[in-house]
Structure formats: C-alpha cells, structure tokens
Amino acid sequence: MKISILDDYHDTVRTLACFGKLAGHEVTIWNDHMQDVDALAQRLADAEVLVLIRERTAIRAPLIERLPKLRLISQRSVYPHIDVEACTRRGVIVSSSQHPGTPSYATAELTWGLVLAAMRQIPQQMASLKAGRWQIGVGSTLRGKLLGIYGYGRIGAVVAGYGRAFGMPVTVWAREASLTRARADGYATARSKEEFFAQCDVITLHMRLVESTRGIVRAADLAHMKPTALIVNTSRAPLIGPGALVAALRAGRPGFAAVDVYEQEPMRDTDHPLLRMDNVVCTPHLGYVSREEYEVQFTDIFDQIAAYAAGAPINVVNPEVLNR
C-alpha cells in the first residue's frame, strides 16, 4: 500500500525499531508541517493510508473529499482533529488505539521537569550565566508545598506520584468518578473548585480536550491562585479560556506558569506574550516527544495498518464503514 506519514519534524519515524512493520509498503514521510488544503491534497493524492502524529494536522471534510484513494487513517489517542463523519461518508476507516491503562510517561516526566524548572528558575538562571552574570534570584523548593492535580486520569495519577515522592501533599480536583479513584489511591480531594485554586501552590492540568473541558479553567479560577503559585499545562492550551492565562499572569495571580501547549501549533511567533514574560517557562509541545514514547505509539499505529492489510481492521472509530 501507499502510506503517507505527516509531520515527522525530525525524520525520526524511519529510525524506530517498529518501522520494520511497514516493510513491503511504499512509505512517504513528510518532515514539514502543512495545513493548506490544496497543498495537502496534491501531496496525498495517491495515499491509501495516512499516518498522523497526534493532532499536528487537522483532517477535515474539504481535504478528505479530495483524497479518492484514501482508505485508512491510522493514529493513536483522541481525534478531535479528524472529521470522522466525513471519513465515514467517503468510506475511510479511522483506526485509533486509546491505549487503556497506558499513560504517557514522557508527558508526565516533562510535566515534572517543567515544575522544577519553573520553581527554581532554571532557564532564566542559565540565560543569566550565559550572559556573564551570576544568580538572578532565589527560587522555591517543592517539599511541603501543596500540589494540585486537575484531572485525575492516567497522566495525572503518575504526576501525583511524583509529587508524593518529592514530599508534597497532593490534592485533586476532577469529575466525581476521578475523585473517587484519587481517594482510593490515598490522595486528598478539594471540596470545591474555588478551594482547589486558592490553596494549591502548584497546579498541573491533565485533561483531554473535548467540548466539556474547553475553557474549563476560567479567568476567575486563576484569580483565586496565590501570587506565589505556579500553573503548568502540558495537556492542551484551550483548557484555559482564551487570553485568560496571559491576563492572569500580568495581574500577578498566579505568579508563575510553565506551558508546553499553544492555541496554534507549531507556534513560531517570537512575540507571543508568554515568551516575553520572565515568570513563564515555555517548551514547544515536547510532552510525548521522546524516542521511547514514539516506539510505543508507532507500534500501535503500524499494527493497525497491518491489521487493515490483513482484512481485519482494529481500533476502528467508525465501525459503520465496515458494514459497507
């Protein structure tokens, strides 16, 4: 089959051990990011299988309608960037493993790296040293500070464990079912959302972006935070209301932020307000971007292609296509 892989920025996929699963297929790998429909339609005109790296490229009806040979989209995790209805109309199978019970340890580890970097001002101190200066200020330790986990799913549970290892009391705010799991794991839960934001010294967001969670962190929530508090977002930018984080940081509540995700990605605007703030640590959506995580993810993705080629598709999001 003719397989196209989009958005492999560093040409990493062909170096993975699991890439051997595609032996015998004609594979084209694109290393740049492209969202223009005309350009994508030209690139993918002959593609029978499309491999997506998470949500880097939106696959909507105007593009799907112009890909007559496309039969399968294979990816991993959630799929808000795919017009599944349009795929179904065109007879395109969408396979996406939801990997139950398998957290992204890479994202959890990056979250903790950002917590440490922000609390100890590591990027700012490093920049000062490179500029010929010495210490620029005094950071904060984590031990004894209250860690808030907003969204107690697979990743949130791992990050809570990191907090416990660092001697931090942990509290959770989430849906009732998630609160029940958190209590069963021995963590405290907040009595209200207001209490959660007001009391925590560090808050990390760990939710999927769906309609019910879009803008779930409001300006009023951030205004409850301490001037010394840190908020960390390695999940999705739209979990926080538009413009709310920048306004809150300018107002001094919270005092610090660490961000790995943005409204528009790739984010190349060097004048973005978050990049201009000394109290913010920013990284370019590195959460799941590790070689080990890629091996896990692309093993699932390539297994889905092999299953389709064998006539028995798996992890099908739109099973009604199979009835045609």
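Taken over the chain, lysine pairs spaced eight or more positions apart, or on distinct chains, with alpha carbons under 28 Å apart number 6. Potential lengthening of the chain between Thr28 and Arg120 amounts to 28.8 nm, from the contour at 0.36 nm per residue minus the alpha-carbon distance. Compactness ratio for the chain: Cα radius of gyration over 2.2 N^0.38 Å (N = residue count) comes to 1.08. Ellipsoid fit via the Cα gyration tensor, segment 1-88: semi-axes of 20, 14, 13 Å, each the root of five times an eigenvalue, largest first. For segment 64-137, the normalised intensity computed at q = 0.11, 0.15 Å⁻¹ comes to -0.57, -0.68 (log10 of I(q)/I(0), Debye sum over alpha carbons, equal scatterers, no solvent). Set against the 2.2 N^0.38 Å expectation for a compact globular protein, segment 214-286 has a Cα radius of gyration ratio of 1.00.
What the Cβ-Cβ distance of Ser140 and Glu195 gives, at R0 = 25 Å and to the nearest 0.05, is a FRET efficiency of 0.70.
Each label was represented as a point 7 Å from its Cα along the Cα-to-Cβ direction; for Arg268 and Thr15 these points are 2.2 nm apart.
Taking the Cα centre of the chain as origin and assigning +1 to Lys and Arg Cβ atoms and -1 to Asp and Glu Cβ atoms, the resulting dipole is close to 800 debye.
Modelled label positions at Tyr105 and Gln35, each set 7 Å beyond Cα in the direction of Cβ, lie 3.3 nm from each other. Between 0 and 90 degrees, the angle of helix 105-119 with respect to the longest Cα principal axis of the chain falls at about 30 degrees. Using only Cα atoms, locate the centre of segment 250-324 and the centre of segment 200-247, then give the distance between them in Å, rounded to an integer. Rounded to whole Å, the Cα centres lie 18 Å apart. With Cα atoms defining each centre, segment 106-130 and segment 1-16 are spaced 30 Å apart in the structure.
Rule-based calculations on the coordinates, nothing more; no lab input. Computed from a predicted model, the values in this text were never measured in an experiment. Using ideal geometry, Cβ is built from the backbone for each residue, glycine included, and neighbour counts are taken over all protein chains shown.
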